Amino acid sequence: MDHSKAPVLEALTAYHESGQKPFTPPGHKQARGADPRVRSVLGDAVFSSDVLATSGLDDRRSSHGVLEEAQELMADAVGAQHTFFSTCGSSLSVKSAMLSVAGPHEKLLVGRDAHKSVVSGLILSGIEPVWVEPQWDAERHLAHPPSAEAFAAAFREHPDARGALVTSPTPYGTCSDLGAIAEVCHALGKPVIVDEAWGAHLPFHADLPTWAMDAGADVCVTSVHKMGSGLEQGSVFHLQGDLVKPEVLKSREDLLGTTSPSVLIYAALDGWRRQMVEHGKTLYDDALALAQDVRSQISAIDGFHVHGRDDFCGPGRAADMDPLQIIIDITALGTTGYRAADWIREHHHINLHLSDHRRISAQLTHADDEATTAELIKALRDLAAHAADLRPAPRVEVPPPGRLRLEQSMLPRDAFFGRTEQIPWERAEGRISAEMLTPYPPGIPAVLPGERLNADVLTYLRTGVDAGMVVPDAVDQDVKTVRVVARD
């Protein structure tokens, strides 16, 4: 296919050149109705390209096939059979993928390191999760993706499960052995969904981890806004093989998606595909070389340990890692990642990717260069020099893995939508949670609806919040009270 084309961008150009006049939404009518104060911040270009997808970008019948051609080009660029664009983020795309494999009261194997959007999908769908345990690094208090052996064992115990869902890469950049997991699933005739939200760039350079379609995944969901050049909410989901029908996947997306998709987001997805096909190899040659240099410079700062393959990869750990996710253990500084991230934002106006009780991270992409990373290195050196100002940090009581794992006592949907009550956290031990409790970022729930709470996890969340952890989806974000299933 001709990848110099960008159908959405070309259609927008034609829209403007033909001088079309909208008597349709959006109501700002090409910025004319927008408040001048808004226009001064956003610029008129945003409004001028904010047009309807039908009766705008294309005619009312979509007879020019603008979006279809853009999606076909994306599929061709990455070697998928079908690709669908989403303007509602991978949070919607992964729900569409789940519903294309399993339905209410049917089982789906799910890695317990799944993002909260997966849990939301379980709540909405009524799918029964069969949790597959991550591989726990007790020394570093970090979970790596579940192994292929763990998925095989789960299928032996639950042969009626309709398929499996894997998260890879994780927000920490660690990757599953997707090829081995796909072999396990396909030997049983079961599809595998990969939540590859952090892996949009993986198809475009051989030195990056193997991407899901090349590893044999049936459905792959990726967030182009995370590691690509897409706008926020720009997501695509890819499909191959015959275990999931394209018309089924599309119908599930239609069920959940918006009827007013953003052409701005479509245009950015289309342009990113062209950029990657034409320049991706060179851009990631430079990005990977830059990441290696940045890792070396940060490692030389006292009190910092940059995690690499020796830490994260090997037996009982991850199969691979994305070197562009620079994960830094700052335990030796005697403070938390929460305090460190806040200090760097306040003093250097730099926003870090994620933070936890002992780590901070910086996400690099093809957009970074020596100038941006020099500012990062300067801020980290200054942090090390001022570490004493951040001590003593409140201690987060992280329980051992056996106590982190809670018993699933009810379906997530039944617990979430059932009768509930809000009680003090000190009295919640033994009760069934009716809400998600998710340290964010990275957005992996510590507690799911339907899980029975224990004292260790409650203490972890309470001490975490006191130390700077954010739990945004809790009814009480301070976790001083917890929503639980009401007793009869």
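The values are calculated or read from the model by the stated rules, or taken from the named source; none is laboratory data. Computed from a predicted structure; not experimentally measured. Don't worry about glycine lacking a Cβ; one is built from the backbone with ideal geometry, like all the others, and counts go over all protein chains shown.
Some points to look at:
Quick grid of which residues meet (1) more than 27 Å from residue 88 (Cβ to Cβ); (2) at pLDDT 95 or above:
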| site | (1), (2) |
| --- | --- |
| 102 | no, yes |
| 107 | no, yes |
| 110 | no, yes |
| 114 | no, no |
| 122 | no, yes |
| 127 | no, yes |
| 132 | no, yes |
| 137 | yes, no |
| 143 | yes, no |
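Yes or no, residue by residue, for (1) of a type in the set (A, V, I, L, M); (2) under 22 Å from the mean Cα position of the chain (by Cα):
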position	(1), (2)
120	no, yes
146	no, yes
154	yes, no
157	no, no
165	yes, yes
168	no, yes
174	no, yes
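- Residue match in the stretch 359-367 (condition: modelled with pLDDT of 95 or more, charged (D, E, K, R) and more than 17 Å from residue 482 (Cα to Cα)): yes
- Total residues in the stretch 260-300 satisfying the condition of being over 25 Å from residue 51 (Cα atoms), touching a residue at least 40 places away in the same chain (Cβ under 8 Å), in contact with a strand residue (DSSP E or B) (Cβ under 9 Å, 6 or more places away or on another chain) and surrounded by fewer than 21 Cβ atoms within 10 Å (Cβ to Cβ): the figure is 1.
- Check on residue 97, at pLDDT below 95, buried (at least 21 other Cβ atoms within 10 Å of the Cβ) and under 21 Å from residue 243 (Cβ atoms): no
- If you go through the stretch 1-18 and keep only what is in a loop (DSSP other than H, G, I, E, B) and either closer than 15 Å to residue 45 by Cα or aromatic (Phe, Trp, Tyr) (or both), you end up with nothing.
- For the stretch 211-235, the set of residues classified as outside any strand (DSSP E or B), in contact with a Pro (Cβ under 8 Å, 6 or more places away or on another chain) and buried (at least 21 other Cβ atoms within 10 Å of the Cβ) consists of 211, 213, 218, listed by residue number.
- Close pairs from the stretch 365-384: first in the same structural domain as residue 350 (by TED's automatic domain parsing) and without any contact (Cβ under 8 Å) to a residue 40 or more places away in the chain, partner assigned to a helix (DSSP H, G or I) and surrounded by 14 or more Cβ atoms within 10 Å (Cβ to Cβ), Cβ under 6 Å, at least 6 apart: 379/344; 379/348
- For the stretch 142-168, the candidate set comprises residues that are out of contact with any strand residue (DSSP E or B) (no Cβ under 9 Å at 6 or more places or on another chain) and not aliphatic (A, V, I, L, M); within that set, the residue that is farthest from residue 417 (Cα to Cα) is 149.
- When the residues of the stretch 71-93 are filtered to those that are of a type in the set (A, V, I, L, M) and more than 20 Å from residue 186 (Cα to Cα), the one that is modelled with the lowest pLDDT is 92.
- Extreme residue, surrounded by the most Cβ atoms within 10 Å (Cβ to Cβ), among residues of the stretch 381-395 that are more than 11 Å from residue 333 (Cβ to Cβ) and modelled with pLDDT under 95: 394
- Out of 412, 472, 439, one residue alone is touching a helix residue (DSSP H, G or I) at 6+ places or on another chain (Cβ under 6 Å) and closer than 25 Å to residue 131 by Cα. It is 412.
- Any hit, the stretch 24-34, residues being under 14 Å from residue 270 (Cβ atoms) and either out of contact with any Lys or Arg (no Cβ under 9 Å at 6 or more places or on another chain) or exposed (fewer than 12 other Cβ atoms within 10 Å of the Cβ) (or both): no
- Residue among 196, 183, 247 that alone is charged (D, E, K, R), free of Cβ contacts under 8 Å to residues at least 40 places away in the same chain and surrounded by 23 or more Cβ atoms within 10 Å (Cβ to Cβ): 196
- Boolean, residue 278 is within 20 Å of the chain's Cα centre (by Cα), assigned to a helix (DSSP H, G or I) and of a type outside the set (Phe, Trp, Tyr): no
- Residue in the stretch 442-461 that is buried (at least 17 other Cβ atoms within 10 Å of the Cβ), among the basic types (Lys, Arg) and in contact with an Asp or Glu (Cβ under 7 Å, 6 or more places away or on another chain) present: yes
- The listed residues are 407, 435, and the only one of them that is crowded, with 17+ Cβ neighbours inside 10 Å and either hydrophobic (A, V, I, L, M, F, W, C) or touching a strand residue (DSSP E or B) at 6+ places or on another chain (Cβ under 6 Å) (or both) turns out to be 435.
- Looking across the stretch 69-104 at every residue that is of a type in the set (Val, Ile, Thr) and outside any helix (DSSP H, G or I), the one that is farthest from the chain's Cα centre (by Cα) is identified as 83.
- Here is the figure for the stretch 199-210: residues that are among the small types (Gly, Ala, Ser) and surrounded by fewer than 24 Cβ atoms within 10 Å (Cβ to Cβ) total 1.
- Considering (1) touching a residue at least 60 places away in the same chain (Cβ under 8 Å); (2) more than 22 Å from residue 122 (Cα to Cα); (3) not in a strand (DSSP E or B), the lone condition that residue 456 does not fulfil carries the number (1).
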